[in-house]
Amino acid sequence: MGGAKATVLLGGRPLIAYPLEALAAALTEAVILAKMDTELPSLPGTTVWIEPDSTHHPAIGIVQALELAGGRRVLVCAADLPFVTPALVRRLAREDPRGAPAVVACARGTTQPLLGCYEPGVAGPLRRGGTGPLREQVAALGARLLEVDDPEELFNVNAPEDLLQAAAMLDRRHASNRT
């Protein structure tokens, strides 16, 4: 989708507005972490943290968020997850990690490492994880998996065809809410 993914319109709203709305409804604080050159829509009242311009890898963003959070756990939610709900965000935030370095959402055996709650101590191992796939890095950490009831909550938009599918899913949800 390119660098302006957050501004892509879905149902007349920027893609990032959907997960940000869920986070704001579920948490006391929601912050956006973005690279300096990331195009963002107008999001009044939203704090934006700037990620270093180093390697472009999602693990770097998680590490940066943990460092900026001052020793607090960080709930990570990608900007391209339009169907995540406040209830799922609350479940992740409240879930006991039982000694694991993170609690990560999964559905039917597929993890979504960019929807998870990360403990502060995971920054070091993620920093050393290199540029391999984030799913593999998170699995190697021994993250605890939280099974999601509705797999659509983990649907992410990575390509134009995903955006079309998300629009159809959104239309279907609106139609079922009217009946």
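Structure notes:
- Unique residue being more than 29 Å from LEU9 (Cβ to Cβ) and over 16 Å from the mean Cα position of the chain (by Cα) when the list is ARG178, ARG98: ARG98
- Number of the exception - GLU152 against (1) within 24 Å of THR46 (Cα to Cα); (2) assigned to a helix (DSSP H, G or I); (3) of a type in the set (Asp, Glu): (1)
- Test: residue in the stretch 133-142 that is of a type outside the set (Lys, Arg), in contact with a strand residue (DSSP E or B) (Cβ under 7 Å, 6 or more places away or on another chain), under 28 Å from LEU10 (Cβ atoms) and not in a helix (DSSP H, G or I): no
- Only one of the listed residues (GLU67, GLU95, GLU39, GLU21) is of a type in the set (Asp, Glu) and within 21 Å of ALA168 (Cβ to Cβ). That residue is GLU21.
- Residue match in the stretch 11-21 (condition: on the phi > 0 side of the Ramachandran plot and free of Cβ contacts under 8 Å to residues at least 12 places away in the same chain): yes
- Per the listing PRO86, PRO120, PRO125, the residue uniquely touching a residue at least 24 places away in the same chain (Cβ under 8 Å), under 26 Å from GLN165 (Cα atoms) and surrounded by fewer than 20 Cβ atoms within 10 Å (Cβ to Cβ) is PRO86.
- Only one entry in VAL103, VAL148, VAL157, VAL138 is in contact with a Ser or Thr (Cβ under 7 Å, 6 or more places away or on another chain), among the hydrophobic types (A, V, I, L, M, F, W, C) and under 17 Å from ALA78 (Cβ atoms), namely VAL138.
- Matching residues, the stretch 89-99, being touching a helix residue (DSSP H, G or I) at 6+ places or on another chain (Cβ under 9 Å) and surrounded by fewer than 17 Cβ atoms within 10 Å (Cβ to Cβ): ARG90, ALA93
- Just so you know, in the stretch 92-110 the residues that are part of a loop (DSSP other than H, G, I, E, B) and touching a Leu at 6+ places or on another chain (Cβ under 7 Å) include one that is nearest to VAL138 (Cα to Cα), and it is PRO101.
To keep it simple, each residue is scored yes or no on (1) modelled with pLDDT of 95 or more; (2) among the polar types (S, T, N, Q); (3) part of a loop (DSSP other than H, G, I, E, B).
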| position | (1), (2), (3) |
| --- | --- |
| SER42 | no, yes, yes |
| LEU81 | yes, no, yes |
| ARG90 | yes, no, no |
| ALA123 | no, no, no |
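To keep it simple, each residue is scored yes or no on (1) buried (at least 20 other Cβ atoms within 10 Å of the Cβ); (2) out of contact with any Pro (no Cβ under 6 Å at 6 or more places or on another chain).
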residue	(1), (2)
THR7	no, no
PRO19	yes, yes
ALA24	no, yes
LYS35	no, yes
PRO41	no, no
ILE50	no, yes
HIS57	no, yes
VAL63	yes, yes
GLY70	no, yes
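The values are calculated or read from the model by the stated rules, or taken from the named source; none is laboratory data. Small disclaimer: the values here were computed from a predicted structure and weren't measured. Don't worry about glycine lacking a Cβ; one is built from the backbone with ideal geometry, like all the others, and counts go over all protein chains shown.
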